[in-house]
Amino acid sequence: MTSSSARPGPLGLLGGTFDPIHLAHLRLAEEACEALALDKVRLIPAGQPPHRGEPGSTPDDRLHMARLAVSGNPRLEVDDGEVRSPRKSYTVLTLERLRAEVGPERPLVLILGADAFQGLPTWHRWTELFDLAHIAVANRPGYAPHGRRWPGALSPELDEACRQRQITDPARLRERSCGYVIPFDMTPLAISASLIRDLVRTGTSPRYLLPDSVLDYIGLHHLYDNHE
């Protein structure tokens, strides 16, 4: 048995469509890394997101924008596994792949917003997520800070699944490779990808809502010009 002191440091995982990636995504990754004492955060652009319509840009474009966005930040990296996969981008499949990659000992920490967390029981094979990773739940605009309470009322099945798993001390994430649920606070930034797409579509500048490198890429490749 590997002791917690010898266990590799936690790796954070932040998935999303990233259509396009913007500063709220990056700030969430940065704050999760600090608040939870993660070694790194790996951003995972969805190839074929199962819970929403077709993205406004191609998987390769979204992957490239994510790589541009994290360039120069050693805490952040990008995983192309979902983009390269021919299957739907179900989180449980991604966690199975990453668990096989990093081995059974390294803690994996799946980072979710409060809204996504509340919808967890609708996800494919959702109860198996706890056997593959810890889950970190970030405060989002409109929710009270998690240090005081969970974000709203949880469904009975989610409450039951999380009741014995909740922790508040990030150091405990190193005790085991998976299974805990930990809340943490983030700076609310009311930036959305849909807002950025609408601004581009109407010829309005979205500068300072996303990295300049990503904005330049959008302009160079005429992304979202005709997005509805």
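The values are calculated or read from the model by the stated rules, or taken from the named source; none is laboratory data. The structure presented is a predicted model; accordingly, all values stated were derived computationally and were not measured. Positions of Cβ are backbone-derived with ideal geometry, glycine not excepted, and every protein chain shown enters the neighbour counts. Calculation scope for accessible area: heavy atoms of the full protein, side chains included, ligands and nucleic acids excluded. Shrake-Rupley method; radii C 1.70, N 1.55, O 1.52, S 1.80 Å.
Structure data summary
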| item | result |
| --- | --- |
| Among THR17, THR202, THR58: highest mean-square fluctuation, GNM of the chain, C-alpha pairs under 10 Å | THR202 |
| Surface share of carbon and sulfur [accessible, 1.4 angstrom probe, percent] for the chain | 49 percent |
| Computed FRET value (nearest 0.05) for ARG207 with GLU54, which takes r as the C-beta separation and R₀ as 35 Å | 0.85 |
| Equivalent ellipsoid dimensions for the range 75-141 as semi-axes, Å, which come from the Cα gyration tensor, largest first | 19, 15, 14 |
| Net dipole in debye of the chain [+1 Lys, Arg Cβ; -1 Asp, Glu Cβ; about Cα centre; nearest 20] | 400 debye |
| log₁₀ of I(q)/I(0) at q = 0.26 Å⁻¹ - the range 56-114, Debye sum with one point per alpha carbon | -1.25 |
| Fully extended contour minus Cα-Cα distance, from ASP131 to ARG84, at 0.36 nm per residue | 14.5 nm |
| Lys/Arg +1, Asp/Glu -1 at C-beta; the chain dipole; positive extreme among LEU26, LEU110, GLY81 | LEU110 |
| Dipole of the range 153-228, positive end: most advanced residue of ILE191, GLY203, THR168 [Cβ charges, Cα centre] | THR168 |
| Where SER192, SER205 fall by accessible area, highest first, once all protein chains stay in place (1.4 Å) | SER205, SER192 |
| Rg followed by Dmax, in Å, when the range 161-228 is reduced to its Cα trace | 19.4, 51 |
| Computed label-point distance, nm, for sites VAL102 and ALA171 using a 7 Å Cα→Cβ extension | 2.1 nm |
| Distance between the range 178-228 and the range 27-98 - C-alpha centres, whole angstrom | 14 Å |
